[in-house]
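What follows is a single structure, written as structure tokens, with notes after it.
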Amino acid sequence: MPSVLLQRPGRPVPAAAATVPRRRTRVFAVAEARWAGAAVALFLIALPLQLTGVPAWAWGPLYAAAYLTGGWEPAREGVRALRDRTLDVDLLMIVAAIGAAAIGQVMDGALLIVIFATSGALESLATARTQDAVRGLLDLAPTTATRLGGDGAEETVATAHLAVGDIILIRPGERVGADGRVLDGTGEVDQATITGEPLPVVKEAGDEVFAGTLNGTGALRVRVERDASDSVIARIVAMVEEASATKAPTQLFIEKIEQRYSLGMVAATLAVFAIPLGFGGDLTSSLLRAMTFMIVASPCAVVLATMPPLLSAIATAGRHGVLVKSAVVMERLAQVDAVALDKTGTLTEGTPRVTDVRPLPGSDLTEGGLLALAAAAEHPSEHPLARAVVDAARARGLTIPAAVGFASAPGIGVRVRVDGRTIAVGAPARLPGDATGATSAQASEAASEAVREVEEGGRTAVLVQRDGVPVGVLGIADRLRPDAAATVASLAALTGRTPMLVTGDNPRAAARLAAEAGITDVRAGLLPQDKVAAVREQETAGRRVLVVGDGVNDAPALAAAHTGIAMGRAGSDLALETADAVIVRDELATVPTVIALARMARRLVVQNLVIAGVFLSGLVVWDLVGHLPLPLGVLGHEGSTVVVGLNGLRLLRDAAWNRAATTERTTERSRA
């Protein structure tokens, strides 16, 4: 396996141990949420009191308290921005709320405060949760390790204190404490968190192991080759954070537009008031025209043109098992023109299953007899392959014979006694034979041929021996999801190109699954940074890539992609937090449907922008060139807002999801 080098020249990765202020971010986010919750509660108490005619002394203080609890944080941020000579939307919101209260619209101002404070608190909580999930990945690596001295003495030390060249001992069931290379010993290491491989990998002298992976059987002596700050786990965290930060320019662009628009609105309103007044206009009429201009030029309809379609699409997708985390994500889904799919747990079910049962000629065993014999040997084992064999036997209703004398050899297999005969089940290349003679030679030759056929088909071969003579071969593989092929075809039709398969699994297994699913572009044997490189290669070619995955090893690619979707049922916490959307019910077929729904939402956004633009420009021109009565200006402004709002809510109906699914299938058939 190739060495993992993720660090860019000149950019050191922060140490894994040191100094992530995990509690500080969450504490502030929780505090902000509590203040917002208090503002909401006060508003909900005051509103019915006001509407039922209770005197103002009863509900007025409640509104005032809502202003304070919900407004102090945005007011502080607005003042800070003002000190930096920028006009922040927080400050404009506070000014608008105070202005509303000054003219007697206390409830309207309180509603502004409540909405703004709530949205800010939700954003802070989401950010804190994502940061905790990313940094929580570091917890996969153990905090201590057993270091061996020159005289073989064992010493328990903190993994952060391990240095390159130290020798550590990894016992069965322990997690590897540092990235390194095996000096001696044999073990089966579960490294799904790094490579996504569904089955444990045999590690022997010379093989590389990674911090945080789990040693299942066998003891290993490992020489440390990287500091804790350079481990694969630490670098995955760094990559996720770096890739997530690349999305910041979009947010900065939005803030820049908000700043310019806010300044433009203030300047234009002052000009509309001052210019007529400077030419001898009446103070009252000039003020009235300026107020009318401020109302009709307000971009409420433009803002509402975008959000309702996207939020409606989010709600509809959520009802059908797809959690889209924000309106920005829904918009990005509409832009996708290339897809990269993980294999294990995404295209496949993620559980090894017996696919082949091949009794060898002359073994006198049927398929059922061979499978029952193998299940008897594997029954005491906790290995994933063993569970697959036992599950297959039970699924066929076979009676599993009793076995005694169970023995397991890491990386080789298991051995038991059944009805007085020795049964061995394990890796064909490692399982020794005990018998000799022509019969054994013929059986060995037949076994070699069966193993070759199974492995060439991309499946894991398991050899079954009886008294040292091969009697059968089992094939085990992960199974393709039932809807995988149809999903691949639909994605190809929507994006104009067949999805790409990116997996850490071996090339033969990947090629077999890809052929079944209809994928031609296969990238196998990839580590996390290799998946990121494959995604960036596509994006360098000008494509907007959607990555669909489920594991920790997929998280950097999910973060680096234009859009990332995680499989929810078996997805790792990091993948679920890093992804922009989550398929809650693990229904792969919903991926093309949600893309089609996002494109429907984008079309509605364009329609709404046209409607809003026509209304806004018409009313502004009317006010500047002619005389637009204030009530008519309010009616036109609010009317356009209502129109675009109702138009955007069309996607709330279940019919929208069904129409998206129909559109996706129609596109697939038309391209076929």
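The values are calculated or read from the model by the stated rules, or taken from the named source; none is laboratory data. Just so you know, these numbers come straight off a predicted model, no measurement behind them. As a convention, Cβ positions derive from the backbone with ideal geometry for all residues, glycine included, and neighbour counts pool all protein chains shown.
When you check ALA376 against the structure, is it within 24 Å of SER408 (Cα to Cα), touching a residue at least 40 places away in the same chain (Cβ under 8 Å) and over 32 Å from the mean Cα position of the chain (by Cα), yes or no? It is true that ALA376 is within 24 Å of SER408 (Cα to Cα), touching a residue at least 40 places away in the same chain (Cβ under 8 Å) and over 32 Å from the mean Cα position of the chain (by Cα). Close contacts from region 599-612, counting a first residue that is on the phi < 0 side of the Ramachandran plot and a second that is at pLDDT 90 or above, with Cβ to Cβ under 6 Å and a gap of 6+ residues or different chains, come to ARG599/ALA334; ARG602/ALA334. Residue-level check: of (1) hydrophobic (A, V, I, L, M, F, W, C); (2) outside any loop (DSSP other than H, G, I, E, B); (3) touching a Pro at 6+ places or on another chain (Cβ under 8 Å); (4) modelled with pLDDT under 70, LEU288 misses just (3). Taken together, the residues in region 573-610 that are over 18 Å from ALA313 (Cβ atoms) and in contact with a helix residue (DSSP H, G or I) (Cβ under 8 Å, 6 or more places away or on another chain) amount to 7. Of the residues examined, ASP391 is one that is within 25 Å of LEU480 (Cα to Cα) and assigned to a helix (DSSP H, G or I). The test for being touching a Ser or Thr at 6+ places or on another chain (Cβ under 8 Å), under 17 Å from PRO352 (Cα atoms) and modelled with pLDDT of 85 or more does not hold for GLY551. Residues in region 78-93 that are buried (at least 16 other Cβ atoms within 10 Å of the Cβ) and either modelled with pLDDT of 75 or more or in a helix (DSSP H, G or I) (or both): GLY78, ALA81, VAL89, ASP90, LEU91, LEU92, MET93.
At least 3 residues that are farther than 27 Å from GLY542 by Cβ in each: list the helices (runs of 4 or more DSSP H) lying fully within region 296-380 that qualify.
Values: elements: 300-319, 327-335, 367-378.
Here the list reads 300-319, 367-378.
Checked against the criterion of being crowded, with 18+ Cβ neighbours inside 10 Å, modelled with pLDDT under 65 and in the same structural domain as ALA38 (by TED's automatic domain parsing), region 60-77 has no qualifying residue. Could you list, in sequence order, the residues of region 319-367 that are within 19 Å of the chain's Cα centre (by Cα) and without any contact (Cβ under 8 Å) to a residue 24 or more places away in the chain? Scanning region 319-367 gives a single hit, ALA327.
Go through region 427-545 and tell me which helices (runs of 4 or more DSSP H), entirely inside it, have 3 or more residues that are touching a residue at least 60 places away in the same chain (Cβ under 8 Å) and under 31 Å from the mean Cα position of the chain (by Cα).
484-495, 507-517, 528-540
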